[in-house]
Amino acid sequence: MIEDMSRTVRALLRGLDRAALATALPASSEGEGSAAWPYASLVLAAVDHDLSPILLLSDLAEHTKAIAANSRVSLLFDGTGGLDQPLTGPRVTLLGHAARTTDERLGQRFLSRHPDAAMYAGFKDFHFYRVALERAHLVAGFGKIRWLEAADLMPVQSPGLAESEAGIVSHMNDDHADALQLYAEKLLGLSGGDWRMTGIDAEGIDLRRGGQVARLPFDAPLATAAEARKVLVSLVGHARAV
């Protein structure tokens, strides 16, 4: 039961590229007494191999000022888009602490997910933030509701994959664009060309075409980074057979 719901959470986080960020406005911005007002805003998001959300925020934004005063944040990932009855669909609210990070790997993972952000990522007032997860509240439809601790959400870790990811992604985009197209068309039923890989983790790969993102899960998690090539080749064979 917990593992099934944890998989649902991981699929939501990895399958969406934006979230609603809730922070507590500092007193100087409220104008009413000393009670903090909650403040919600739209942010682009990526998630790391350990499921920690990665954000790129401007120092000038209200949510960034709020984080400077209080690191506690909440992120809503909404997977109900396109449903006739949205409340029957899955969404998850994350609770955690946001902190600025200078980890270049995290920045690269975000920019691979959101290539257009490279236009402003280098501006002096923009910085990357990592959210250390504490808990998650999953609503997967009517009656399918549960709080999950961070430890419950932890995905399988594939030794060496995070460090090898940039090279794998670059290699697939530069030398095997035809394979990515097969993944999108034959395995995911997606139309259009020029699909690109933006990430790979132990449980699957992430694809993007313009403003559209997609997730292709593996049949089984990668035990090591060395397994990635074999699995990616196998997926090509499967796609061609389909």
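The values are calculated or read from the model by the stated rules, or taken from the named source; none is laboratory data. In this text, all values refer to a predicted model and were calculated from it rather than measured experimentally. Using ideal geometry, Cβ is built from the backbone for each residue, glycine included, and neighbour counts are taken over all protein chains shown.
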Tally of residues being more than 15 Å from Ala45 (Cβ to Cβ) and either among the β-branched types (Val, Ile, Thr) or surrounded by 14 or more Cβ atoms within 10 Å (Cβ to Cβ) (or both) across region 63-78: 6
Consider only pairs whose beta carbons are under 8 Å apart and that are at least six residues apart or on different chains; among these, list those whose first residue lies in region 149-174 and is within 19 Å of Ala223 (Cα to Cα) and whose second residue is part of a loop (DSSP other than H, G, I, E, B) and of a type in the set (Val, Ile, Thr). Ser158/Thr224; Pro159/Thr224; Gly160/Thr224; Leu161/Thr224
Do we find a residue being closer than 20 Å to Ile2 by Cα, at pLDDT 95 or above and among the hydroxyl-bearing types (Ser, Thr, Tyr) anywhere in region 90-111? yes
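When you go through Leu106, Leu133, Leu153, Leu94 one by one, which is the residue that is within 14 Å of Ser52 (Cβ to Cβ) and either out of contact with any helix residue (DSSP H, G or I) (no Cβ under 9 Å at 6 or more places or on another chain) or of a type in the set (Asp, Glu) (or both)?
Every option except Leu106 fails the conditions.
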Checking the condition free of Cβ contacts under 8 Å to residues at least 12 places away in the same chain and either within 20 Å of Leu13 (Cβ to Cβ) or out of contact with any helix residue (DSSP H, G or I) (no Cβ under 7 Å at 6 or more places or on another chain) (or both), which residue from Gly89, Gly122 passes? Gly122
Let me spell it out: the conditions are (1) within 22 Å of Phe218 (Cα to Cα); (2) touching a helix residue (DSSP H, G or I) at 6+ places or on another chain (Cβ under 7 Å), and Ser58 meets all of them except one. Which number is the exception? (1)
Test for Ser52: is it modelled with pLDDT of 95 or more and surrounded by fewer than 17 Cβ atoms within 10 Å (Cβ to Cβ): no
For region 46-88, enumerate the residues that are touching an Asp or Glu at 6+ places or on another chain (Cβ under 8 Å) and of a type in the set (Gly, Ala, Ser). Ala46, Ser58
Would you please list the contacts, defined by Cβ atoms under 7 Å and residues six or more apart or on different chains, that run from a residue in region 41-55 that is closer than 10 Å to Val131 by Cβ to a residue that is of a type in the set (Ser, Thr, Tyr)? Leu55/Tyr129
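Would you call Ala45 crowded, with 18+ Cβ neighbours inside 10 Å, over 21 Å from the mean Cα position of the chain (by Cα) and within 24 Å of Leu138 (Cβ to Cβ)? Step through it out loud before you land on a result.
Values: crowded, with 18+ Cβ neighbours inside 10 Å: yes; over 21 Å from the mean Cα position of the chain (by Cα): no; within 24 Å of Leu138 (Cβ to Cβ): yes.
So Ala45 fails the test.
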Residues that are touching a Leu at 6+ places or on another chain (Cβ under 8 Å) and closer than 14 Å to Ala20 by Cα, drawn from region 47-71: Pro53, Ile54, Leu55, Leu56, Glu62, His63, Thr64
Return the residue satisfying two criteria in turn: it lies in region 95-113 and is touching a Ser or Thr at 6+ places or on another chain (Cβ under 6 Å) and buried (at least 17 other Cβ atoms within 10 Å of the Cβ), and of such residues it is nearest to Leu44 (Cα to Cα). Arg113
